[in-house]
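Read the structure below first, then the notes.
The values are calculated or read from the model by the stated rules, or taken from the named source; none is laboratory data. All of these numbers come straight from a predicted model, not from anything done at the bench. Note: ideal-geometry Cβ built from the backbone for every residue, glycine included; neighbour counts use all protein chains shown. Protein only, heavy atoms only, side chains kept; ligands, DNA and RNA dropped before computing areas. Shrake-Rupley method; radii C 1.70, N 1.55, O 1.52, S 1.80 Å.
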Amino acid sequence: MADVHPEHAQLQADRIYLGWQYILLHPDPGPPPKRPSPGEGEAASAAVDQELLRRERFQQDLLNRPVRVFRVFMVILTVLILGLAVAGYLQWSFALLGLVAAGGVAIICSYALVQGDRAVRYRVSEQQARDDRQRRERDKELFRAQEEHAQRYREWQEVKERHDRQLTWYAVAVPDEIDRIDVAGGTLPGWSALITLLGATRLYSGGHLTVLDLSEGAIAKDLIELARRGGDDPLVWVLPTDLPRLDLGATLKPEAFADVLAHVVSVSEEHRTTRDLSFDNAILERVLEVLGENATINQVTAALRALAQVGDPRDDLRFGLITASQLERIGTLFGRGVSDRVVIERAWALESQLRKLETLGTEAVRLPPARLRVVSMDRQAGVFGNRVLGTYVATALTHILRQSPAADRPWYHTIIVAGADKLRGDVLDRLMDACETSRTGLVLTYRSLTPTVRERLGRGHAAVAFMRLGNAEDARVASEHVGTEHRLELAQLTETISDSIPGLDGGYTSTISQVEDATEERDDNRTDLAEDLVESTEWGRTADKISEKERVLQRSREFLVEPHQLQQLPTTSVIVTDATAQGRRVRLADANPAILTFPKTTLGELDDVREAVLAIDGKGGDGDGEPPPNLGPPPPRLDWRKDRQ
């Protein structure tokens with residue numbers, strides 16, 4: 001078969017890897033054919049000969065028993081007559097007559113017995129001759145059977161060798177022609193596996209990666225360690241602690257900055273309309289116009305306090321947040337009357353929300369370049385504050401992407417938003433459009449399928465991946481999206497390892513506070529991805545244990561895409577759906593990064609490997625290019641889980 005093992009199948013920059021698919025192209029041929037044993041036939045033939053001789057002799061003895069008894073009687077009579085004649089009790093004339101008569105009868109009986117023995121020997125010899133002829137025929141048949149067995153064994157050996165050498169895990173990837181990947185459902189360990197695999201393959205193929213972790217579960221922790229092992233120094237912000245050193249959005253123009261802040265304020269008001277956003281945006285634009293370019297958040301909040309007439313503006317004047325002229329201009333921005341009350345209320349609301357961002361960029365330093373950047377939320381911070389911070393980062397990224405030129409190749413820069421269902425729908429829409437325009441890859445993971453998520457799931461040119469969906473309604477929506485007619489094959493290893501996966505512990509460690517204001521040289525020589533996975537990730541450290549189970553657990557089972565099956569998916573299982581020229585395809589993958597270290601794992605996709613195998617094997621094995629015959633439907637697969645019931 002084709003040589004497509006990992007050491008010969010390299011990462012492709014135009015493929016987005018989401019896991020591995022377990023498939024056996026060559027089924028197990030079973031035990032070898034049994035060799036014909038000549039010893040059993042010879043032993044059986046010898047036993048038949050001995051039994052025949054014994055049976056013939058026994059039958060002849062039964063028939064000759066009266067003759068033998070009569071002969072013995074005649075011999076005794078002859079001896080008695082001879083004795084009487086010698087003793088003188090009987091005349092010799094009568095004695096001779098008696099001897100002739102008794103001896104003749106004894107001789108006749110002896111002759112009959114001899115003839116019977118001769119007949120027995122003849123019948124036995126005839127039977128032995130027939131047995132010899134049959135034995136020679138059996139020997140010929142045994143020789144032919146051994147030749148056929150040798151041929152069948154050689155064929156079995158070839159099939160067995162092909163089965164033992166075949167690949168079992170094939171890469172599941174989507175082309176970089178798609179704009180986005182939507183991941184619906186899943187658990188934190190499952191997200192960790194998927195993001196570690198997806199991020200590692202992007203980094204090791206020369207790309208850049210930004211992770212916005214809104215899950216508060218430290219799902220990119222293994223990816224950070226893997227990037228360090230690969231020669232990078234990732235930048236990790238843990239908000240709100242690192243908010244002073246976060247300079248994201250500092251270079252935005254006042255109009256864009258006002259738009260970002262307006263969306264940040266709207267995070268707490270789910271039913272706000274475009275008109276409300278426009279009104280907030282207008283207030284912020286006028287405030288920023290007064291403050292001038294490079295205004296900070298604390299300056300904006302000071303101006304909003306002055307506009308809303310909250311507190312004493314002399315405090316802000318004393319701290320230098322605003323000047324007297326700016327304070328005078330802010331007081332005359334809007335007219336008096338009924339509209340003034342509306343402006344005051346909105347300015348007050350804006351100030352109360354933006355206060356959570358007051359320290360943004362106050363201690364910004366020049367950071368060294370990094371190909372992996374992670375912005376996370378501290379799980380010990382407030383839920384609402386984290387939503388505000390997450391919305392700010394997502395909206396600021398959107399504006400930066402809108403101002404950036406399109407990349408030379410798609411997915412060179414990839415953005416992963418974990419827990420995207422915590423963002424408003426319009427924030428997601430703008431981020432999607434900006435990534436599509438700039439050719440930036442976008443991965444969105446949703447914990448639940450809310451109405452906002454359902455409207456956007458798979459919209460546009462996007463691939464959709466479904467992981468475990470605990471909610472029954474979410475599982476129903478996912479099964480309808482995929483189609484319940486699809487039959488997928490699940491490896492026993494995936495289920496077994498899923499049950500032993502521990503939960504995520506600990507959190508991120510900020511690297512921003514340890515970064516010096518300098519630019520360091522980076523070593524661009526990439527190391528081996530499989531080796532780095534083993535040494536730097538929790539998934540890789542369990543690779544030896546997993547591979548040992550993989551050698552034992554080689555069974556699989558099939559299931560239909562039904563709601564109750566989606567609720568029972570293993571932690572690392574991913575159902576990937578994407579559109580191709582041949583139609584929409586549905587595949588089941590295991591996102592466990594440790595599978596990459598298995599000796600029978602390839603970075604080639606199943607269709608490509610199958611075509612290579614058919615080309616090597618003569619397109620079906622018949623040598624003339626014809627497809628193999630249709631052997632009918634396969635037998636039903638066993639479900640090993642029934643043994644545990």
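Within the range 129-170, name every residue whose backbone N is under 18 Å away from a label modeled 7 Å from Cα of Gln59 along the Cβ vector. Zone members listed by number: 129-131.
Here the Karplus relation 6.51 cos²θ - 1.76 cosθ + 1.60, evaluated at θ = phi - 60°, turns the backbone of the range 342-357 into coupling constants of 4, 5, 4, 5, 5, 5, 5, 4, 4, 5, 5, 7, 6, 4, 5, 10 Hz, with x for every Gly and Pro. Each Lys and Arg adds +1 at its Cβ and each Asp and Glu adds -1 at its Cβ; summed about the Cα centre, the range 196-353 shows a dipole of about 160 debye. Straightening the chain between Val383 and His163 buys 73.9 nm, computed as 0.36 nm per residue apart minus the Cα-Cα spacing.
Can you check what the net charge comes to around Leu566, using other residues whose Cβ is under 12 Å from the Cβ of Leu566 (Lys, Arg +1; Asp, Glu -1)? Taking every other residue near Leu566 into account, the sum is -2. Karplus-based coupling profile of the range 385-401, in residue order and whole Hz: x, 5, 5, 4, 5, x, 5, 4, 4, 5, 5, 5, 4, 4, 5, 5, 5, with θ = phi - 60° in 6.51 cos²θ - 1.76 cosθ + 1.60 and x standing for Gly or Pro. When a/c reaches 1.5 or more, the comparison of a/b and b/c decides; with that in mind, is the range 111-267 rounded, prolate or oblate per its Cα gyration tensor? It comes out prolate by the Cα gyration axes.
Placing R0 at 51 angstrom, the Cβ-Cβ distance between Glu489 and Gln128 gives a FRET efficiency of 0.25 after rounding to 0.05. Pairwise Cα distances in the range 326-443 exceed 18 Å in 66 percent of cases. For the range 444-459, the Karplus equation 6.51 cos²θ - 1.76 cosθ + 1.60, evaluated at θ = phi - 60°, returns couplings of 10, 10, 10, 6, 9, 9, 6, x, 5, 6, 4, 5, 10, 5, x, 5 Hz by residue, with Gly and Pro reported as x. Taking all protein chains together and rolling a 1.4 Å probe, Val388 ends up with roughly 0 Å² accessible.
Counting only protein chain heavy atoms and rolling a 1.4 Å probe, the accessible areas of Ser510, Ser573 rank, largest first, as Ser510, Ser573. Heavy-atom accessible surface of Lys356, to the nearest 10 Å², is about 80 Å², with a 1.4 Å probe and all protein chains retained.
Take Phe384: with every protein chain present and a 1.4 Å probe, its accessible area is about 80 Å².
Based on every Cα atom in the range 74-140, Rg and the maximum pairwise Cα distance Dmax equal 22.6, 74 Å.
Taking a Cβ cut-off of under 11 Å around Gln12, the surrounding Lys, Arg, Asp and Glu residues balance to a net charge of -3, with basic ones at +1 and acidic ones at -1. Rounded, prolate or oblate, given the Cα gyration tensor of the range 359-416, with a/c below 1.5 counting as rounded? Because a/c hits 1.5 or more and a/b exceeds b/c, the range 359-416 counts as prolate. Using the Cβ of Ser325 as centre and a radius below 14 Å, the other residues enclosed give a net charge of -2, where K and R count +1 and D and E count -1. When peptides 448-459, 221-232, 429-440, 149-160 are sorted by average Cβ neighbour count within 10 Å, with the highest value leading, the order is 221-232, 429-440, 448-459, 149-160. Spin-label pair Glu558-Asp426: with each label point 7 Å from Cα along the Cα-Cβ axis, the two points sit 4.9 nm from one another.
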